[in-house]
Amino acid sequence: MSGAIPTIAEAARLIAAKQLSPVELTRACLDRVHKLDGELHAFVHLTEERALAEARAAEAAISAHGPKGPLHGIPIGLKDIVDTKGVPTTCQSKFLQDNIPDADAACAEKLAAAGTVLIGKTTTHEFADGGPSFDLPKPPARNPWNTEHFTAGSSSGTGAAVAAGLILGGIGTDTGGSIRGPAALCGIAGIKPTYGLVSRAGVAPAAFSLDHIGPMAWTAEDCALMLQALAGHDPRDPASASRPIPNYTAQLGSGVKGLKIGVIHHFHETDHKVSDGTQRGIAAAIATFRDLGAEMREVQVSPLQDWLACGSLISITERAAAFEEWARTRLGDFSERLRSRLMLGAFVTGVDYVQAVRRRRELRAELQAAMKGLDAVLTATQPAEAAKIDAVPKWDLFGPPNFTMPFNVAGYPAISVCSGFGEGGLPLAIQLAGKPFQEPTLLRIADAFEKATQFRERRPALLAA
Amino acid sequence: MPDIDDQAFEFLLARGGLDLTSEQKAELRSVYAGIAAMAERVRKPRGYMAEPAHVYDFTEDDLV
């Protein structure tokens with residue numbers, strides 16, 4: 001195949017109609033990998049032979065019996081903190097350079113069972129924190145819209161690979177924004193589902209009470225298709241929710257008429273004032289939702305700084321606990337950025353941690369009350385277009401607060417979707433958050449926005465070069 | 001701007017089992033105020049009965 005990169009939904013329809021071969025689709029992705037990944041560094045490990053074998057097997061099965069679902073024959077990538085049986089899983093760390101798991105993580109297992117084709121393991125910040133780091137075994141991923149710029153992290157490789165069409169979808173993980181940040185800066189869609197909806201079994205921990213696994217893809221519709229395969233109870237994950245799984249695509253195409261969306265203006269206008277371009281994108285998105293028939297309201301909660309303080313103290317402590325042994329015995333083997341984060345654990349006392357967890361309960365109750373009667377809330381995902389990759393501050397934790405942590409602290413689902421392009425030609429984004437386990441409504445709103453705008457028609461210029 | 005004295009700083013490092021170079025110590029100490037501000041921010045007026053959300057579940061109220 002040539003030319004346009006299909007979405008997962010488009011590819012699934014073509015595959016089902018036998019108008020697109022999974023082998024052809026996989027080869028097209030691999031061709032783009034060979035052409036572009038020397039510059040993008042979206043992958044730390046390619047599984048090319050396996051991908052072609054899986055694509056051939058998918059093609060044969062589909063030819064004989066039809067597709068088992070919309071992911072059958074779809075090329076994907078897995079963040080390199082996701083265990084993959086027989087395939088290196090390094091967490092981008094010197095500690096795990098020789099690590100070859102003997103079992104798949106739950107999310108890898110589920111996507112394989114859905115018939116996906118694994119192109120490879122995607123680049124991450126070391127153990128999904130810090131970054132970009134230039135002192136690791138592999139370089140950080142670069143933004144396909146301008147390779148001098150950052151992708152955000154830590155699911156940086158998945159973000160870059162989806163945007164550049166090296167894969168049609170992939171797995172990200174999100175402890176404070178690591179799905180939504182790269183989705184925003186790479187101009188794709190990425191959803192952090194409700195805490196507990198997708199099993200974390202077999203995925204390296206960052207901070208256990210804030211960690212989420214979720215899909216990243218070109219569109220919200222594609223995220224819905226992937227989430228359908230990923231969601232579900234798993235006794236191997238102690239936080240896994242036991243709830244019925246709805247149809248995540250059932251509401252797509254229903255529009256937003258009559259839905260009520262709150263806008264947390266103070267997050268992006270006062271607590272952390274976004275760039276003019278991002279502000280214009282948010283204003284245009286609000287106008288779009290109004291035009292589509294949604295009722296827009298103003299919402300107020302505690303300042304972003306409160307959410308960040310709460311989430312950061314929890315995150316620093318849980319991470320320090322997870323990596324305590326290595327921090328005590330081999331601190332110098334971590335990248336400089338992760339080492340610095342781990343050192344912070346010495347400053348957070350047990351009492352600080354408990355006060356943060358108590359604060360968390362208050363903040364979650366506050367969001368619950370603020371969202372009463374609403375279907376979703378809207379704010380920024382990132383403050384501006386992507387910064388240059390060599391200009392990302394090491395101690396961003398103590399700079400202006402990020403927009404994504406509130407929904408990790410609360411455990412509420414949140415999605416980032418592209419809301420246009422800034423003066424530098426790089427993507428802008430909005431973030432929509434829904435109520436717990438109400439992903440069908442959240443995806444419906446995000447899908448309606450994408451379909452009412454033209455931003456899904458533009459891909460990075462390097463694809464045309 | 002809150003600071004931390006040498007003795008307290010060294011105690012915290014020893015308690016954490018961290019063996020740092022003098023350069024790393026200086027860098028870590030330079031961001032102490034940031035962590036102290038966060039620790040202050042999570043302390044709000046609340047009674048001793050306020051239970052931490054170390055285990056929580058979503059209720060039907062979340063869905064209203």
Checklist entry - Which members of the stretch B:28-50 meet the condition of being at pLDDT below 95 and at the interface with chain A (Cβ under 7 Å from one of its Cβ atoms)? => result B:LYS44, B:ARG46, B:ALA50
Next on the checklist: in contact (Cβ under 8 Å) with a residue 40 or more places away in the chain, surrounded by 15 or more Cβ atoms within 10 Å (Cβ to Cβ), at negative phi and under 23 Å from the mean Cα position of the chain (by Cα): which single residue out of A:THR278, A:THR288 fits that description?
Outcome noted: A:THR278
Checklist entry - Out of (1) without any contact (Cβ under 8 Å) to a residue 60 or more places away in the chain; (2) closer than 22 Å to A:ASP174 by Cα; (3) out of contact with any Leu (no Cβ under 6 Å at 6 or more places or on another chain), what's the single condition that is false for A:THR90? => result (3)
Item to check | Condition met for A:PRO215 (touching a residue at least 12 places away in the same chain (Cβ under 8 Å), closer than 29 Å to A:ALA309 by Cβ and surrounded by 23 or more Cβ atoms within 10 Å (Cβ to Cβ)) | outcome: no
Checklist entry - What residue, among those in the stretch A:367-387 that are assigned to a helix (DSSP H, G or I) and within 11 Å of chain B (Cβ to nearest Cβ), is farthest from the chain's Cα centre (by Cα)? => result A:ALA369
Next on the checklist: What's the total number of residues in the stretch A:182-210 that are in contact with a Pro (Cβ under 6 Å, 6 or more places away or on another chain) and not β-branched (Val, Ile, Thr)?
Outcome noted: 2
Checklist entry - A:PHE95: surrounded by 24 or more Cβ atoms within 10 Å (Cβ to Cβ) and at pLDDT 95 or above, yes or no? => result no
Checklist entry - Within the stretch A:301-324, restricting attention to residues that are of a type in the set (D, E, K, R) and within 9 Å of chain B (Cβ to nearest Cβ), which residue is farthest from A:PHE407 (Cα to Cα)? => result A:GLU324
Next on the checklist: Just to be sure before I move on: is A:LYS121 within 17 Å of A:ALA217 (Cα to Cα) and touching a residue at least 12 places away in the same chain (Cβ under 8 Å) in the structure I sent?
Outcome noted: yes
Item to check | Qualifying position, being of a type in the set (A, V, I, L, M, F, W, C), on the phi < 0 side of the Ramachandran plot and in contact with a helix residue (DSSP H, G or I) (Cβ under 8 Å, 6 or more places away or on another chain), among A:LEU14, A:LEU40 | outcome: A:LEU40
Checklist entry - Inside the stretch A:131-149, can you point out the residues that are crowded, with 24+ Cβ neighbours inside 10 Å and either among the hydrophobic types (A, V, I, L, M, F, W, C) or modelled with pLDDT under 95 (or both)? => result A:GLY131, A:LEU136, A:ALA141, A:TRP145
Next on the checklist: Looking at the stretch A:397-413 only, could you name the residues that are assigned to a loop (DSSP other than H, G, I, E, B) and touching a residue at least 24 places away in the same chain (Cβ under 8 Å)?
Outcome noted: A:PRO400, A:PRO401, A:ASN402, A:PHE403, A:THR404, A:GLY411, A:TYR412, A:PRO413
Checklist entry - Has the stretch A:415-438 got at least one residue that is assigned to a helix (DSSP H, G or I), under 27 Å from B:MET38 (Cα atoms) and touching a Lys or Arg at 6+ places or on another chain (Cβ under 6 Å)? => result no
Item to check | Count of the stretch A:102-122 residues which are under 13 Å from A:ASP234 (Cβ atoms) and acidic (Asp, Glu) | outcome: 2
Next on the checklist: Of the conditions (1) more than 7 Å from chain B (Cβ to nearest Cβ); (2) modelled with pLDDT of 95 or more; (3) surrounded by fewer than 17 Cβ atoms within 10 Å (Cβ to Cβ), A:VAL392 satisfies every one except a single condition; which number is it?
Outcome noted: (3)
Next on the checklist: Yes or no: the stretch A:442-460 includes at least one residue that is away from chain B (no Cβ under 14 Å), under 30 Å from A:ARG339 (Cβ atoms) and not hydrophobic (A, V, I, L, M, F, W, C).
Outcome noted: no
Checklist entry - Which of the following residues is under 24 Å from A:TYR412 (Cβ atoms) and either aliphatic (A, V, I, L, M) or more than 9 Å from chain B (Cβ to nearest Cβ) (or both): A:ARG341, A:ARG359, A:ARG290? => result A:ARG290
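The values are calculated or read from the model by the stated rules, or taken from the named source; none is laboratory data. Not measured: the values here are computed from a predicted model. FYI the Cβ positions are ideal-geometry reconstructions off the backbone, even for glycines, and counts take in every protein chain you see.
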